[in-house]
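Inspection log for the structure reproduced underneath, given as structure tokens.
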Amino acid sequence: SGIKKVIYAVADPNPMASGGANALREAGIDVIHQKSELLEFAQRGWLYRIRHGRPLITAKIAITLDGKIAASDGSSKWITSDAAREDVQNLRAEVGAVITSTATYLADNPSLLPRVAGAPTPLRVVMGNRELSAPGFHQVASHNFAELVDYLNTEGVNHALVEAGGTFLTALLNGDLIDELIIYQAPKILGSGTPWVENLGISTLSDAIELECMNTTQIGNDIKTHYRIVRK
């Protein structure tokens, strides 16, 4: 073919693809690994699934300044601004599946579709035992997260986004199944209401779940912060 040089940015962790760079070098081609954190971030879902055997799972949460996802009367629309909600559409457009709970589906009847022109439609998954009619959704009728992971793996999902309430998010945290948190924080204070996370059984500071802040941006008056869970 006449190719003299190959430059690659992300090493392939799949054992089925190992040895490609060496094969090119042995054929006399100059091969350079020029690491790119930007491209590795863009491909992190696929890289995670190859390395860990399940999709990367990101939870999206919209909260007040004091950590509430709904007021004491149950009202939650809308905590964040139009601009922040538009940004969520981009998150949905970037993942292979969007997951919610039966409780959230019955309370909010969300479409979970990305309102982005030309965006692919992610799998829409609702999890829980309660019977419901959810056209366009696949229901994992279980509280066993292994069944959820099996379904996502069967469908070849690399990256899944969770949009649900505190009970479901707490269960995922207790199951060590949240890898990233994206928090949209509105400059509002309620003082009472529904928290985004419930009792995790943590009684001492040394056992706290630690997070790494990857980036923070201002969207209108809201603050969007992207965290990665630090596993000890």
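Which of (1) open to solvent by 60 Å² or more (accessible area, probe 1.4 Å); (2) more than 30 Å from residue 73 (Cβ to Cβ); (3) in contact (Cβ under 8 Å) with a residue 12 or more places away in the chain is the odd one out, the single condition residue 206 does not satisfy?
Only one criterion is unmet by residue 206, namely (3).
What tally of residues in the range 165-202 results from selecting those that are closer than 24 Å to residue 85 by Cβ, more than 15 Å from the chain's Cα centre (by Cα), open to solvent by less than 60 Å² (accessible area, probe 1.4 Å) and of a type in the set (A, V, I, L, M, F, W, C)?
Final tally of qualifying residues: 3.
Hey, can you tell me all the residues within the range 209-232 that are farther than 20 Å from residue 90 by Cα, out of contact with any Phe, Trp or Tyr (no Cβ under 8 Å at 6 or more places or on another chain) and surrounded by 12 or more Cβ atoms within 10 Å (Cβ to Cβ)?
Listed by number, the residues that qualify are 209, 229.
So, in the range 117-140, exactly how many residues are open to solvent by 20 Å² or more (accessible area, probe 1.4 Å) and either within 18 Å of the chain's Cα centre (by Cα) or modelled with pLDDT of 95 or more (or both)?
Residues flagged as open to solvent by 20 Å² or more (accessible area, probe 1.4 Å) and either within 18 Å of the chain's Cα centre (by Cα) or modelled with pLDDT of 95 or more (or both) within the range 117-140 amount to 8.
Please go through (1) within 21 Å of residue 110 (Cα to Cα); (2) over 19 Å from the mean Cα position of the chain (by Cα); (3) touching a residue at least 40 places away in the same chain (Cβ under 8 Å) for residue 162 and return the number of the only condition it doesn't satisfy.
Status for residue 162: all satisfied but (2).
Looking only at residues in the range 2-54 that are within 30 Å of residue 160 (Cα to Cα) and of a type in the set (Asp, Glu), which one is surrounded by the most Cβ atoms within 10 Å (Cβ to Cβ)?
Out of the qualifying residues, it is 12.
What are the residues in the range 58-114 that are assigned to a loop (DSSP other than H, G, I, E, B), aliphatic (A, V, I, L, M) and farther than 21 Å from residue 172 by Cα, if any?
Taking the range 58-114 and keeping what is assigned to a loop (DSSP other than H, G, I, E, B), we get 64-67, 71-81, 94-96, 109-114.
Filter once more, so that each one left must be aliphatic (A, V, I, L, M): 65, 71, 79, 95, 112-113.
65, 71, 79, 113 - these are the residues of the range 58-114 that are assigned to a loop (DSSP other than H, G, I, E, B), aliphatic (A, V, I, L, M) and farther than 21 Å from residue 172 by Cα.
Within the range 141-157, how many residues turn out to be open to solvent by less than 60 Å² (accessible area, probe 1.4 Å), in contact (Cβ under 8 Å) with a residue 40 or more places away in the chain and part of a loop (DSSP other than H, G, I, E, B)?
So in the range 141-157, the residues open to solvent by less than 60 Å² (accessible area, probe 1.4 Å) come out as 142, 145-146, 148-149, 151-153, 156-157.
Subsequent filtering for residues that are in contact (Cβ under 8 Å) with a residue 40 or more places away in the chain retains 148-149, 152-153, 156-157.
Of the ones still in play, those that are also part of a loop (DSSP other than H, G, I, E, B) are 156-157.
Within the range 141-157, residues that are open to solvent by less than 60 Å² (accessible area, probe 1.4 Å), in contact (Cβ under 8 Å) with a residue 40 or more places away in the chain and part of a loop (DSSP other than H, G, I, E, B) number 2.
Out of the range 90-115, which residues are farther than 15 Å from residue 57 by Cβ, β-branched (Val, Ile, Thr) and in contact (Cβ under 8 Å) with a residue 60 or more places away in the chain?
Listed by number, the list holds a single entry, 104.
The values are calculated or read from the model by the stated rules, or taken from the named source; none is laboratory data. These figures come from a predicted structure and were not determined experimentally. Note: ideal-geometry Cβ built from the backbone for every residue, glycine included; neighbour counts use all protein chains shown. Keep in mind that these areas ignore ligands, DNA and RNA; they rest on the heavy atoms of the full protein, side chains included. Shrake-Rupley method; radii C 1.70, N 1.55, O 1.52, S 1.80 Å.
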